[in-house]
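What follows is one structure encoded as structure tokens, with my remarks underneath.
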Amino acid sequence: MVATRELYGGTFEFLEKMLPRWGVSTTFVAPYDLRALEAAIQPVTTLLYTESPTNPKLSIVDLRGVAEIARKHRIPCAVDNTFASPMNQRPIGYGFDFVLHSATKYLGGHCDLVGGVVVGPRDRMKDVWQHRKLLGGILDPHSAYLLERGIKTLALRMGRHNENGLLVARHLKEHARIKHVYYPGLPDHEGHEIARKQMSGFGGVLAFEVDGDRAATVRVVEALELAYLAPSLGGVETLVSQPSMTSHYFLAPEERARQGISDSLVRVALGIEDAVDLIRDLDRALETLG
């Protein structure tokens, strides 16, 4: 496989540590470097895998560019579309063969189920169905009911997530104790122009660097009152986490550094609360920095 480097921590760990046990190796490249992606392809490469926006720093991958490289080399390509949701980004329209979602997140929308989705051509999904049946990754009836319930309000919820994401990102960008805000809806984001072309909304997840060390960052997140300290996203409640201590904790420190995941990085998965209340909560927590 060839994969972009900035991935959900569990995905990266699976590719780096689990797949080699079954004889599958992965070459990792920077998410914005299409030349490196194409250069990494070998005769034995059987899949290109990416994620956009990426977890947790919201880097943007040129989906059309990746799909064109895959087509040129006759290799299937897959993308984790969780951070965007089907409302904001539809990769199959850009030429992707498979699209994955953590249904636990935006699709479910209420942080009360665990599930996943893979979408692809019917004939190629037969193998996926067979593996799922044998390995047991099958949604139970009640979770399926909850997922169907959540999807009914997806469009309404995503509209509010998009709105809150942009309002909070703009506010934090001007805060004196924030070193940097990562959100593709901001014009100074490295991938903003590509995001504008391939996304109809920028989602409710953002990340920011606190002007302080690990202990100071812990004080900030623990001082929040409206937002919950929890490692998930896409629900109606706002959740906040430090990726170095949650989603990317099991990555080697060197790999976290390579991906730019510092101890002062905070990921905010905005819910559908009033943006004014969320901003007030964040400002109050940042006051702990002095």
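Residues that are over 25 Å from residue 3 (Cβ atoms) and either open to solvent by 50 Å² or more (accessible area, probe 1.4 Å) or touching a residue at least 24 places away in the same chain (Cβ under 8 Å) (or both): does the stretch 68-85 have at least one? Please lay out each step first, then the result.
Restricting attention to the stretch 68-85, the residues satisfying the condition of being over 25 Å from residue 3 (Cβ atoms) are none.
No, because not a single residue in the stretch 68-85 is over 25 Å from residue 3 (Cβ atoms) and either open to solvent by 50 Å² or more (accessible area, probe 1.4 Å) or touching a residue at least 24 places away in the same chain (Cβ under 8 Å) (or both).
Go through (1) modelled with pLDDT of 95 or more; (2) closer than 26 Å to residue 232 by Cα; (3) under 20 Å from the mean Cα position of the chain (by Cα) and name the single condition residue 9 misses.
Condition (1) is where residue 9 drops out.
Considering the stretch 101-134 alone, what residues qualify as being assigned to a strand (DSSP E or B) and surrounded by fewer than 20 Cβ atoms within 10 Å (Cβ to Cβ)? If you could, list the steps in order and put the result at the bottom.
If we filter the stretch 101-134 for residues that are assigned to a strand (DSSP E or B), which is where we start, we get 101-102, 116-119.
Selection gives 116, 117, 118, 119.
Tell me which residues, restricted to the stretch 161-181, are under 16 Å from residue 216 (Cα atoms) and among the β-branched types (Val, Ile, Thr).
Within the stretch 161-181, 178 is the sole residue that qualifies.
Please find, within the stretch 245-290, the residue that is nearest to residue 172 (Cα to Cα) out of those that are assigned to a helix (DSSP H, G or I) and open to solvent by less than 30 Å² (accessible area, probe 1.4 Å). Step through it out loud before you land on a result.
Step one: filter the stretch 245-290 for residues assigned to a helix (DSSP H, G or I), giving 245, 253-258, 275-289.
If we keep only those that are open to solvent by less than 30 Å² (accessible area, probe 1.4 Å) too, we end up with 255, 275, 278, 281-282, 285-286, 289.
Working: 255: 27, 275: 12, 278: 11, 281: 12, 282: 9, 285: 12, 286: 10, 289: 14 Å.
Top of the filtered list is 282.
Suppose we keep only residues that are out of contact with any strand residue (DSSP E or B) (no Cβ under 8 Å at 6 or more places or on another chain) and either outside any loop (DSSP other than H, G, I, E, B) or more than 24 Å from residue 74 (Cβ to Cβ) (or both) within the stretch 17-31. Which one would you say is least open to solvent (accessible area, probe 1.4 Å)? Steps first, answer last, please.
Just the residues of the stretch 17-31 that are out of contact with any strand residue (DSSP E or B) (no Cβ under 8 Å at 6 or more places or on another chain), to begin with: 17-25.
Of the ones still in play, those that are also either outside any loop (DSSP other than H, G, I, E, B) or more than 24 Å from residue 74 (Cβ to Cβ) (or both) are 17-22.
Values: 17: 102, 18: 69, 19: 20, 20: 66, 21: 176, 22: 169 Å².
If we take residues in the stretch 17-31 being out of contact with any strand residue (DSSP E or B) (no Cβ under 8 Å at 6 or more places or on another chain) and either outside any loop (DSSP other than H, G, I, E, B) or more than 24 Å from residue 74 (Cβ to Cβ) (or both), then 19 is least open to solvent (accessible area, probe 1.4 Å).
Looking at (1) open to solvent by 100 Å² or more (accessible area, probe 1.4 Å); (2) in contact (Cβ under 8 Å) with a residue 40 or more places away in the chain; (3) not aliphatic (A, V, I, L, M), which is the only condition residue 159 fails?
With (1) open to solvent by 100 Å² or more (accessible area, probe 1.4 Å); (2) in contact (Cβ under 8 Å) with a residue 40 or more places away in the chain; (3) not aliphatic (A, V, I, L, M) applied to residue 159, the lone miss is (1).
The values are calculated or read from the model by the stated rules, or taken from the named source; none is laboratory data. These numbers were taken from a predicted model, which means no experiment stands behind them. Counting neighbours? That spans all protein chains shown, and the Cβs are built from the backbone with ideal geometry, glycine included. Ligands, DNA and RNA are stripped out before the accessible areas are found, and what is left, the full protein with its side chains, is counted by its heavy atoms. Shrake-Rupley method; radii C 1.70, N 1.55, O 1.52, S 1.80 Å.
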